[in-house]
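**Student:** Below you will find the structure I want to go over with you.
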Amino acid sequence: MERPDSINYSWKYVTADECLSTGACELVYAKLTPATAAGSATLYNGENDKGVKIIELNTGGLYNCECAPPVPIYCRRGLYVGSTSTIDGVLVIWRELGRSS
């Protein structure tokens, strides 16, 4: 299997609700870092929290929580990270579709 070039991927450590992509993309990885004994963040297929919920990352302690799917998750309408008020941040890695290297 050929490894994809890193230039095709984007990443960001999100500390507040944010739209990461306004077009089709693939969610590759997400890791939540809690600020307190409990934290959560929700990732949506869309440009805001009205999109389809992909996953809610929750932790009941001071432990990181990750989403590492075996294959990327297709997000047709964009990628949004919401409900981030009780966390330090979420590291998100995604790939914009249609981007040339």
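**Student:** So Y63 passes all but one of these: (1) hydroxyl-bearing (S, T, Y); (2) in a loop (DSSP other than H, G, I, E, B); (3) surrounded by 13 or more Cβ atoms within 10 Å (Cβ to Cβ). Which condition number does it fail?
**Tutor:** Here Y63 clears every test but (3).
**Student:** Working carefully through the options A41, A35, find the one that is surrounded by fewer than 16 Cβ atoms within 10 Å (Cβ to Cβ), under 16 Å from G89 (Cβ atoms) and hydrophobic (A, V, I, L, M, F, W, C). So that I can check it myself, show each step before the final result.
**Tutor:** Values: A41 fails: surrounded by fewer than 16 Cβ atoms within 10 Å (Cβ to Cβ).
None of the others qualify; the one that does is A35.
**Student:** Just the residues that are crowded, with 21+ Cβ neighbours inside 10 Å and touching a Lys or Arg at 6+ places or on another chain (Cβ under 9 Å), please, taken from the stretch 66-79. Show your work before the answer.
**Tutor:** Taking the stretch 66-79 and keeping what is crowded, with 21+ Cβ neighbours inside 10 Å, we get 75, 79.
Within the stretch 66-79, no residue meets the criteria.
**Student:** Now, a different point. Looking at this structure, is K31 of a type in the set (K, R), farther than 10 Å from R77 by Cα and either in contact (Cβ under 8 Å) with a residue 40 or more places away in the chain or in a strand (DSSP E or B) (or both)?
**Tutor:** Details: of a type in the set (K, R): yes; farther than 10 Å from R77 by Cα: yes; either in contact (Cβ under 8 Å) with a residue 40 or more places away in the chain or in a strand (DSSP E or B) (or both): yes.
Spelling it out, K31 is indeed of a type in the set (K, R), farther than 10 Å from R77 by Cα and either in contact (Cβ under 8 Å) with a residue 40 or more places away in the chain or in a strand (DSSP E or B) (or both).
**Student:** Please go through the stretch 46-82 and pick out each residue that is among the charged types (D, E, K, R), touching a Phe, Trp or Tyr at 6+ places or on another chain (Cβ under 9 Å) and touching a residue at least 12 places away in the same chain (Cβ under 8 Å). I'd like the intermediate steps shown before the answer.
**Tutor:** Step one: filter the stretch 46-82 for residues among the charged types (D, E, K, R), giving 47, 49-50, 53, 56, 66, 76-77.
With the extra rule that they be touching a Phe, Trp or Tyr at 6+ places or on another chain (Cβ under 9 Å), the set shrinks to 47, 49-50, 53, 66, 77.
Across the stretch 46-82, the qualifying residues are E47, D49, E66, R77.
Computed from the coordinates by the stated procedures, all read-outs in this text should not be read as laboratory data. What you see is a predicted model, and the numbers here were worked out from it, not measured in a lab. As a convention, Cβ positions derive from the backbone with ideal geometry for all residues, glycine included, and neighbour counts pool all protein chains shown.
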